[in-house]
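Encoded as structure tokens, the structure appears first; notes follow it.
Please treat every number below as a calculation from the coordinates, not as lab data. The structure presented is a predicted model; accordingly, all values stated were derived computationally and were not measured. Because the Cβ atoms are built from the backbone with ideal geometry, glycine has one as well, and the counts that use them run over all protein chains shown.
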Amino acid sequence: GSFGSHCVPVSEIIAVQETEVDNIQTKDEGKWQKMSQKTVETYPYAFTVFYVERARQHRWRCGNVTFFCSDGLLRQQWVQAIKEQLSLQTCRPKHLLVYINPYGGKQQGKQIYEQKVVQLFTLASISTDVIVTERANHARDHLKTEADLKKYDGIVCVGGDGMFSEVIHGLISRTQTDSGVDQNCAHEKLVQCNLRVGIIPAGSTDCICYATIGINDPVTSALHIIVGDSQALDVCSVHHNDTFLKYSVSLLGYGFYGDILADSEKKRWMGPARYDFSGIKTFLSHHYYEGTVSFQPATDILGNPRDKTKCRSGCYVCQHNGQLFSEEIRDESVEGGVSENEDEREWKVVKGKFLAINAASMSCACPRSPKGLSPAAHLADGTTDIILVRKCSRLNFLRHLLRHTSKDDQFDLTFIEVHRVRKFKFTPKYCESEDTDVKDVRKKLFSQICRDHPACSCTSVNSNWNCDGEILDHAAVEVGVHCQLIKLFARGIEEPMLYLALVLPCKL
Ligand SMILES: CCCCCCCCCCCCC/C=C/[C@@H](O)[C@H](COP(=O)(O)O)NC(=O)CCCCC
Ligand SMILES: Nc1ncnc2c1ncn2[C@@H]1O[C@H](COP(=O)(O)OP(=O)(O)O)[C@@H](O)[C@H]1O
Ligand SMILES: [Ca+2]
């Protein structure tokens, strides 16, 4: 057989198992062969170590290496020693609650989980309670009221951003209810959730998985869960007149992305391709929306949306700003605290006609745009990046969109503004009235605007918000970032390993 050296940190060992030597095949000069009878007789005791192997583009695979011993006791000692080391890895989950969305993406959630994840969890001795959802909001409601969360070391969702959204809504609501915090109060500090959430990607965009791990690959995600990774994540809360609407961790988009979503929901049968179809249609319709965006720029922190450096595993900017944020909260709760009160900070106001208003709380990298909507956004710095796309020609808007897929800076255009903020508000020009149903208001406003512009063919004066792929039914919103409210089984995107080969001059 072939021999080689393997160096694997204990934190990346998945499991160790005793192995039957008779069944082992070794690779020799590229061909798989049974071990020779002589080797089997000399080394009859073997054990296999399964470990994380890094492949291209942030992909992880389960590699294995088998060791042979001549002595049964020696093998037992090795296996025992490795198992002991593994039991010291206390961050690893032992029991998980799994929700599968059989309906998202290409409707392959169940198959993906069964064919790619189950055997890895079994190998790593992780036990699971699995729930295949039967309707939208099944997972959210189960987590909110029923699930016995004390039993679990984490939650796993198999699906897209919408499924992840359901899970965190259930988890955050449950945590606030248990601590007596009212989610309807926009200014209340929310209580952090302890259970980590893992995402097995099986949706249409899978941006939350892609932007926190570096790829949307079920095996890679399963391995990050097994080794017990942890990545804090900011969560935006969205309110409308002191009523809680939703949480968002990736994109809150009004105008372009809101319209794509509303159109694409009618074409779910197309699977993930619905976004391309609705994308082209929305691009061609070229609607703009009028309103006012007000925001509090985050000026006291490290980082800027135009930075060349990005949020990566162990990000210093997130650590620094996260620390700053928790100190400010502490100061404000002390009477006569030193820091200026949040609401006294300066608000900026931008009024205009917008093709899109996007708030990206993370880069929003996904297979369609590997650098994302805001390439320098941070996962856990307590801010969101507001990107304002003012009314411009179709050609200019296309230039902006195309730059999401190239090296060019999508913000370096005259009709684009980008701001890093902690809070923002949007007020549409044509206001929604409170006591009427939203649809009535739309009808009323439609007739009003069409009286003003008889030639216009618009379907509505207001767009809707795309909140991590779910539609919000109000245009006027108030948004605040909750720094590091939840944790994922992820570690942020890893920098490529840098190997320095030092060639020293030597005399033999
Ligand atoms: C002409 C070339 C244009 C290329 C432009 C590409 C720009 C793409 C940026 C995509 C940002 C996506 C932000 C992610 C949002 C998701 O949370 C959401 C829901 O995901 P899921 O539940 O997994 O389906 N996805 C979307 O809203 C789809 C946006 C579609 C963009 C074409
Ligand atoms: N069993 C189910 N039947 C129908 N809808 C479901 C079910 N389980 C979850 N959902 C909903 O499916 C929608 C899409 O799920 P998601 O995971 O985001 O997939 P996609 O990426 O394709 O949009 C979400 O709104 C979610 O709430
Ligand atoms: Ca952020």
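Rounding to the nearest 10 and keeping the result within 0 to 90°, find how far the Cα-based axis of helix 256-265 lies from the longest principal axis of the chain.
70
Quick check for me: using +1 on Lys/Arg Cβ and -1 on Asp/Glu Cβ, what's the dipole size of the range 10-88 about its Cα centre, in debye to the nearest 20?
Numbers: 10 positive and 10 negative charges, 88 e Å.
Computed about the Cα centre, the dipole is about 420 debye.
Using Cα centres only, tell me the gap between the range 145-203 and the range 217-249 in whole Å.
Their Cα centres are 8 Å away from one another.
Just to be sure I understand the curve: with the Debye formula and one point per C-alpha of the chain, what is log10 I(q)/I(0) at q = 0.08, 0.13 Å⁻¹?
-0.57, -1.28
Considering only Cα-Cα distances, which of the following residue pairs are longer than 19 Å: Lys150/Lys246; Lys425/Lys487; Lys353/Lys429?
Numbers: Lys150/Lys246 25 Å; Lys425/Lys487 26 Å; Lys353/Lys429 10 Å.
The pairs that break the limit, which is 19 Å between Cα atoms, are Lys150/Lys246; Lys425/Lys487.
Which lysines does Lys407 reach when only Cα atoms under 23 Å apart count, and residues fewer than 8 places away in its own chain are ignored?
Lys308, Lys310, Lys371
At a 10 angstrom cut-off on C-beta neighbours, averaged per residue, how do the peptides 381-388, 242-249 rank from highest to lowest? Numbers along the way, then the final one.
Working: 381-388: 25.1, 242-249: 19.2.
The densest-packed peptide leads the list: 381-388, 242-249.
Suppose we look only past 16 Å in the calculated P(r) of the range 10-88. What percent of the Cα-Cα pairs does that tail hold? Kindly include the intermediate steps, with their values, before the conclusion.
Numbers: 1777 of 3081 pairs.
When all Cα pairs of the range 10-88 are counted, 58 percent exceed 16 Å.
Please list 234-240, 179-185 highest first by mean number of surrounding beta-carbon atoms within 10 Å per residue.
Values: 234-240: 22.0, 179-185: 11.9.
Packing order, densest peptide first, comes out as 234-240, 179-185.
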